[in-house]
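One structure below.
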Amino acid sequence: MRKFAAGFLLAVTVLFTLNCLADEDEDKAKIVERVESAGNVLNEVMAAPDKGIPEEILSSAKCVAVVPSLLKGGLGFGAQYGRGVASCRSDKGWSAPAFFVVEGGSFGLQIGGQAVDLVMIIMNDDGMKRLLTSKFKLGVDASVAAGPVGRHAEGMTDLTMRAQVLTYSRARGAFAGLALNGAVIKQDKSSTRTFYGHMVPYRSLLTGATPVPAAAQPYLGALSKYAAHKAEGK
């Protein structure tokens, strides 16, 4: 019982600490670095196609979101937190980056902590609509499943094919699907204000209504390279 209580307290403490850090303003250089890191994650993952995200998944994705460093930790109870970058397809190409926070808790056999790269693929219009709300809960507001890994999406389960969001993680060089049921995704307003100089609504960013700044190219360039529609001949 004491271990249970200690684990719960640790998870609550971690989430409280990380939320306090999230409220602190960052300088623009750190946010630009996050955009660059998100692009690097995609480049590195796709450099090993037999172990990366299947081509069919990326070519049909509505939106792609990357958290360069998702922090996970706990003792029995777990906590996870990260700040990331998302972009959706629009009639003008990949949209200007939208900044978000992912946070949540879990219960199970877990101890210690680690940082992982997280990639979320929004697969259909319903999933995109959830993302446009600027706050939703995976597994509740949008169905989520660990994504298949490999050059092609052979052997995809019905669950994976029906999921609105497919999730992946990379830790210590290993890349695999990741279950994120219960995690909350919401707009990172602080990063948005700092990057754009003022508050920009999530919908304006992800629908292509906001001009794409030059600082977004490291991430959008990676998306254009790996997540082109099949019809585009890529």
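Any read-out appearing in this document is the output of simple, stated calculations on the displayed coordinates, not a laboratory observation. Keep in mind it's a predicted model, so treat the numbers as computed, not measured. Reconstructed Cβ throughout: ideal geometry from the backbone, glycine too, with neighbour counts over all protein chains shown.
A few notes on this one:
- Stretchable slack from ARG151 to THR133, in nm (0.36 nm times residue separation minus alpha-carbon distance): 3.3 nm
- Computed label-point distance, nm, for sites ALA48 and ASP91 using a 7 Å Cα→Cβ extension: 4.2
- Here the simple spin-label model places points 7 Å from the Cα toward Cβ, and for ASN181 and SER59 these points are separated by 3.2 nm.
- SER69 versus ALA215: modelled label distance in nm, points set 7 Å from Cα along the beta carbon direction: 1.8
- Ranked SER37, SER87, criterion: other C-beta atoms within 10 Å, fewest first: SER37, SER87
- Among LEU71, LEU131, LEU138, the order by Cβ neighbours within 10 angstrom, fewest to most, reads LEU71, LEU138, LEU131.
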